[in-house]
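What follows draws every value from the coordinates through simple rules; no lab data is involved. The model shown is predicted, which means the values in this text are computed figures rather than measured ones. We place every Cβ from the backbone using ideal geometry, glycine too, and count neighbours over all the protein chains shown.
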Amino acid sequence: MTVMDKLKQMLKGHENKAGQGIDKAGDFVDDRTQSKYSSQVDTAQDKLRGQLGSDRQDPPQS
């Protein structure tokens, strides 16, 4: 089991919180780098949301 698989398993059901964390981390990096790498940060955020499933708009099914 890879690290990404473990993260997905831990975050299952908390995709919205994971998305908020990704946004907060990206904002932190943008702030620290004075938005010099904002396009790269945005791309990384999008890819990470896709990997973790936090890009879905519908609530999880129970």
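Some points to look at:
- The helix-only estimate of mean residue ellipticity at 222 nm for the chain, built from DSSP H runs of length n ≥ 4 each weighted as -39500 (n - 2.57), is -22000 deg cm²/dmol after division by the residue total.
- Packing-based order for 7-18, 24-35, using average beta carbon neighbours within 10 Å, highest first: 7-18, 24-35
- Extension gain for T43-M4 works out to 12.2 nm (0.36 nm per residue, less the C-alpha to C-alpha distance).
- [x] 28, 13, 11; [y] 31, 9, 6; [z] 24, 13, 9, with the label sought being that of the calculated semi-axes √(5λ) of the Cα gyration tensor in Å: [z]
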